[in-house]
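The values are calculated or read from the model by the stated rules, or taken from the named source; none is laboratory data. Everything numeric here is computed off the predicted structure, so don't read it as measured data. Cβ sites come from the backbone with ideal geometry, for glycine too, and all protein chains shown count toward neighbours. Protein only, heavy atoms only, side chains kept; ligands, DNA and RNA dropped before computing areas. Shrake-Rupley method; radii C 1.70, N 1.55, O 1.52, S 1.80 Å.
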Amino acid sequence: MSNPSTNDIEHQHAADAGVTATVASPSPTAPLASPSPTASTERNAVRRRRRFLLWTGAKPIPLLACIAIGVIFRFAVPKPSRVSHQAWQLLAIFLATIAGLILGPLPIGSWAFVCLTVTVVTKTLTFAAAIAGFTNQVIWLVVASFFFSRGFMKSGLGDRIALYFVKVLGKSTLGLAYGLALCELLICPAVPSTTARAGGVFLPLIKSMAAAADSRPKESSAKKLGAYLVQSQLQCSGSSSAMFLTAAGQNLLCIQLAKSLGVNVPNQWITWFKAASLPALLSLSATPFILYKLFPPEIKETPDAPVLARQKLEQMGPVKRNEWLMIGTMLLTVALWISGQALNMATVVAAMLGLSILLLLGVLDWDDCLSEKTAWDTLIWFGVLVGMASQLTTLGVVSWISDGVAKFLKSLSLGWPASFFILQAAYFFVHYIFASQTAHVAALYSAFLGMLLAAKVPGLLAALALAYNTNLFGALTHYSSAQCVVYCGGGFVKLPDVFRLGIMMALINISIWILVATPWWKILGLY
């Protein structure tokens, strides 16, 4: 092969610089022409642009926007006299953190770590207070749920169960969504952990069905099937949890807190179910169809899916050893979750025991756990958010907000129905600053119930309505509940879609509950 001529090289340099040039062949006696100042400047500009495009750090514009939000709130918004400088500064950092989760200057885990570092460097929080959220039991339950999901996938049990679902309900994507929602409704009274249901049962099923349809997380193919099924199941889980008193741990906490304020719920399980049954069932029935229109899957009809599922099940053969071990371990873990109160065993301890059994029996090995990057990423950012939210409560920011709302309503001289709707809405949407349903209940339930009682709202109505809202706002954001963290951690739904669908479905669910529950609760005599 001949060497390239000087003329070819000149033309290549000119093309690389993005300029058009005509280069004459040099004569033996004439020196090469020096490049013009304009061409040299353009080449330097191209090199600078290339270096900028190779930048792998934080995205500059989202980063500046997040910093601006925190700085403006901290120094430009007047601080209330009741709130300390430390609390106000922490609230500013928290708002910047939330803005970063939306705008994405860095991946979620790294952004949360940066913000955690800022709280310590600025001495807003001590190191011990800043990392206190990492000892939260719910966080470790979420991590264990991701590992259970890995066990379902590795053993093949997830694929087998998914194929059975496809075999029975797989003629359409909408049918699959309703099948999953119905399945959760049937098991949730006996499994009082929405997180356990999400991570131990439904997310593995969805992953298997999505993989069978070539719908992959964090890829454009996620919208084929996985993204819709994740959102449908997440939004349905709020109605399922609201249906039964024993369907979520925070429900029992609400009843206990109401009792401490003098509101006794008679025949608790039956009263809870009767009041929730009609609005929750209607909301649950409507959710998959509404999301089917708002967030449609690319794959809608799958008439051949049941036949293919039957063929694959035949190819898989009988249930294997690790599948039986996975089934047995999950049954034991679920049994411990159901009887945890009688055995005085926390839900996370039961999950730890189940995970230990899987490791001891070889269904999972430690490399499987180490390679579950989503679990460790979730541990970081969710721990940071829970810690910040807890400190905001401890430092009095949340009580300041509650007291301000109470004084405002009193100044308006409203009747109890208007106060009821305003306070319920405030209790619902203030959840944007919380990273846990249980933390929200512990911080605000008593305060808001006290305000409702002061506004002459009937006690049973006030207590139950707040408790139902505690379940319904669990799908507002990707950090608003532990089950949200599990589902969104699957990587099928992008964050902008999570926030958009979260607020849209929240407004739809609120409308359904207002229109249906208002006359229903009147019939039941709650007011």
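For the chain, what does the relative contact order come out to in percent, with C-alpha contacts under 8 Å and a separation of six or more? Spell out each step's value before the answer.
Values: 660 pairs, mean separation 109.9, N = 527.
Once divided by the residue count of the chain, the mean separation gives 21 percent.
Can you give the calculated 222 nm mean residue ellipticity of the chain, where each DSSP H run of n ≥ 4 adds -39,500 (n - 2.57) and the sum is split over every residue, rounded to the nearest 500 deg cm²/dmol? Can you show the working numbers first?
Values: 27 runs with 370 residues, N = 527.
So the helix-based figure for the chain works out to -22500 deg cm²/dmol.
Using only the Cα atoms of the chain, each taken as one equal point scatterer with no solvent, compute I(q) by the Debye sum, divide by I(0), and report log10 of the ratio at q = 0.06, 0.13 Å⁻¹.
Calculated log10 I(q)/I(0) at the listed q: -0.36, -1.30.
Can you give me the accessible area per residue for the chain, using a 1.4 Å probe, in Å²?
On the way: 24360 Å² over 527 residues.
On a per-residue basis, the chain sits at 46 Å².
Long-range amide H contacts for residue 172: which residues qualify at under 5 Å (H placed 1.01 Å from N, peptide plane, sequence gap of 5 or more or a different chain)?
Amide H neighbours of residue 172, under 5 Å, 5+ apart: 302.
Over the chain, what percent of the accessible surface lies on carbon and sulfur atoms, probe 1.4 Å?
Carbon and sulfur atoms account for 67 percent of the accessible area of the chain.
Please determine, in degrees from 0 to 90 and to the nearest 10, the orientation of helix 321-338 with respect to the longest principal axis defined by the Cα atoms of the chain, where the helix direction is its Cα long axis.
For helix 321-338, the angle is close to 50 degrees.
If 352, 345 are ordered by their accessible area, calculated over protein heavy atoms with a 1.4 Å probe, which sequence runs from highest to lowest?
Values: 352 115, 345 55 Å².
Highest to lowest solvent-accessible surface, that is 352, 345.
Would you kindly calculate the translational diffusion coefficient of the range 466-527, applying Stokes-Einstein with the Kirkwood radius from alpha carbon pairs, for 10 °C and a viscosity of 1.306 mPa s, and quote it in µm² s⁻¹ without decimals? All intermediate terms of the calculation are to be shown ahead of the outcome.
Working: Rh = 12.9 Å.
Roughly 123 µm²/s, to the nearest whole number.
In what sequence, largest accessible area first, do 310, 160, 74 appear using a 1.4 Å probe? Mind showing how you got there, number by number?
Working: 310 105, 160 15, 74 50 Å².
Ranked from most to least accessible, the order is 310, 74, 160.
Need the list of lysines near residue 320 for cross-linking: C-alpha distance under 16 angstrom, and skip anything on the same chain fewer than eight residues off.
Cα-Cα hits under 16 Å: 154, 312.
Taking the Cβ of residue 204 as the centre, find all other residues whose Cβ is under 10 Å away and add up their charges (Lys, Arg: +1; Asp, Glu: -1). It would help to have the intermediate numbers written out before the result.
Working: positive: 150, 207; negative: 159.
With Lys, Arg at +1 and Asp, Glu at -1, the net is +1.
Given H placed on each backbone N at 1.01 Å, which residues far from residue 492 in sequence or on other chains put an amide H within less than 5 Å of it?
Those lying under 5 Å, H to H, from residue 492 are 218.
If I stretch the segment between residue 171 and residue 71 completely, what's the gain in nm (0.36 nm per residue apart, minus their alpha carbon distance), one decimal?
Values: separation 100, 0.36 × 100 = 36.00 nm, distance 5.33 nm.
Contour length minus the Cα-Cα distance gives 30.7 nm.
Tell me the accessible surface of residue 394 in square angstrom (1.4 angstrom probe, heavy atoms of protein chains only), to the nearest ten.
Surface open to solvent at residue 394 totals about 110 Å².
Rounding to the nearest 10 and keeping the result within 0 to 90°, find how far the Cα-based axis of helix 137-155 lies from the longest principal axis of the chain.
70
For 81, 240, what's the largest-to-smallest order of accessible area, 1.4 Å probe?
Numbers: 81 120, 240 0 Å².
Largest to smallest exposure gives the sequence 81, 240.
Once ligands and nucleic acids are excluded and a 1.4 Å probe is used, how much of residue 72 is accessible, expressed in Å² to the nearest 10?
Taking all protein chains as shown, residue 72 has close to 100 Å².
Do you know the relative contact order of the range 132-232, to the nearest whole percent, from alpha carbon pairs under 8 angstrom that are 6+ apart? Show your work: numbers first, answer last.
Values: 79 pairs, mean separation 31.4, N = 101.
Dividing the mean separation by the residue count of the range 132-232 yields 31 percent.
Could you report the accessible area of residue 285 in Å², rounded to 10, computed with a 1.4 Å probe on the protein chains as they sit in the structure?
The accessible area of residue 285 comes to roughly 60 Å².
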